[in-house]
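Let me begin by presenting the structure, written as structure tokens, before commenting on it.
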Amino acid sequence: MLSDHFEKRALSLGRVVAEACEYFRAAQQPDGSIAEDPSIAVFQEWDSVNALKAIALWQKDLPADFGPVTEQILAFLAGREKPTGMLSWGATEIGPAEYCTETSSEYISSLALLGLDERAGHKAEFLRGRQLAHGPWEEVHSHIPRAFQLEPSVTGFALCALDEAGVDPIHLDEALDFLAGKQDREGHFGINWYYYCTHYYLMRPAVAALVQFGNYAAAARARDFVLKQQRPDGSWFSEVAGFRGEPSVPELQTALALMTLAHTGMDIGEPPVRRAVDWLLDRRRADGSWYGGRYPYPETESYSAFRATQDVYTTAQVLAAFKYLEQQ
């Protein structure tokens, strides 16, 4: 059990979770959003959705007085919905029909986890209808380069959201074939600087979806790749060759890699998982959060204004990883 391992380290799992969620409370802004730096609005919705999902995963373990934090996040996100009910990732100028499929998918999953079935189901039905006939979902956001709009994480997030909301995809076999076809012979699903500059961001939702629908062979190949890439200290780190910028920090990459392993069925009883959990616990900050660095935009003039810290997102991913491990 994950809690047993925490106790061996003289830590309470419940306390670690509660302190991380108190960090979210401290980061809540007057409008209800969650942001460690209120001057940066580029990922306001994305960070808030991910904090909401972490809270939803651990809701039964949080104190009763945490309810208002959740309600304020929900109110903020409801006010940011597009006419379709979907969300962008933050304060960037796009049309009313455009949205971020990944942010919207995690929003649907969060609503479903919170028991808000009608709201989740309505949005899931819309998302269901946006699947392409040959299987994948795409990003519907003009700020994402066209070549990057069909990354496997997008389809993985969408499939997981539909499953969480109890809605069947229209073209399930085609979606699973698309994901399986995106898997490299080494077991990963590619790496893209625009998607956190790490293998594990693309892998985590793709593997979760494949496992959910029974493709254990693909999941095993992904597991083997992740295990081979683990560093001796228990962490993970990858980057795009030649990328001119700061890649995602090891704290975030380790949380995503660890979650991928959890989706393949690995638990705290296995040494690679224990090393990763211990490494993350050793990097927990005094306020209960984890350092996230900055989003890996390239160091070019066109991206000079896009400088977003990732502490909220990283902390949310660590909490999610711990929950999925606890469920093994």
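The values are calculated or read from the model by the stated rules, or taken from the named source; none is laboratory data. None of the values given here were measured: they were computed from a predicted structure. Positions of Cβ are backbone-derived with ideal geometry, glycine not excepted, and every protein chain shown enters the neighbour counts. When the accessible area is computed, the model is the full protein with side chains, heavy atoms only, and any ligands, DNA or RNA have been set aside. Shrake-Rupley method; radii C 1.70, N 1.55, O 1.52, S 1.80 Å.
Points to keep in mind about this one:
- Distance between the pseudo-spin-label points of E118 and R307 (7 Å out from Cα toward the beta carbon): 4.6 nm.
- Ordering of 133-143, 62-72 by packing is 133-143, 62-72, highest average first (other Cβ atoms within 10 Å, averaged per residue).
- Average accessible surface for the chain: 39 Å² per residue, computed with a 1.4 Å probe over protein heavy atoms with every protein chain in place.
- Whole-percent carbon and sulfur share, accessible surface of the stretch 202-270, 1.4 Å: 47
- Most fluctuating residue given options R128, R223, R185, as computed from a GNM of the chain linking Cα atoms under 10 Å: R185
- Under a Gaussian network description of the chain, with springs only between Cα atoms under 10 Å, the residue in A147, A120, A161 that fluctuates furthest is A147.
- Distance between the pseudo-spin-label points of D37 and H171 (7 Å out from Cα toward the beta carbon): 4.0 nm.
- Accessible surface of the stretch 84-136 [probe 1.4 Å, protein heavy atoms]: carbon and sulfur percent: 54
- With every protein chain in place, the stretch 1-56: carbon and sulfur % of accessible area (1.4 Å): 52
- Helical runs (DSSP H, four residues minimum) scored at -39500 (n - 2.57) apiece and divided by the length of the chain put the mean residue ellipticity at 222 nm at -16500 deg cm²/dmol.
- Surface/4 of the Cα convex hull for the chain, nm²: 15.5
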